[in-house]
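In what follows, a single structure is set out as structure tokens and then discussed.
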Amino acid sequence: MSPLRVGVLAYPGCFASEVFGVPDLLAMATHVAAAQGAVQPAYEAWVISPGGV
């Protein structure tokens, strides 16, 4: 099964903890899954923005 792709929207005025907290949480979930024998990542997290940067 392919990883679940999650996009986190970064917009002007948002808090960095909102933007990077979710990808960090999903990275930890992927590490836990790998430690339990998963052979591929469970999640792919992308930070996206209205301006594309």
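The values are calculated or read from the model by the stated rules, or taken from the named source; none is laboratory data. If you're wondering where the values come from, they're calculated on a predicted model, not measured in any experiment.
For every residue, the table says whether it meets (1) within 14 Å of the chain's Cα centre (by Cα); (2) of a type in the set (A, V, I, L, M); (3) assigned to a strand (DSSP E or B).
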site: Val8; (1), (2), (3): yes, yes, yes
site: Met28; (1), (2), (3): yes, yes, no
site: Val32; (1), (2), (3): no, yes, no
site: Pro41; (1), (2), (3): yes, no, no
Picking from Ala38, Ala45, the residue that is modelled with pLDDT of 90 or more and not hydroxyl-bearing (Ser, Thr, Tyr) would be Ala45
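Going through segment 10-26 one residue at a time, which ones are more than 10 Å from the chain's Cα centre (by Cα) and of a type in the set (A, V, I, L, M, F, W, C)?
Correct list: Ala10, Cys14, Phe15, Ala16.
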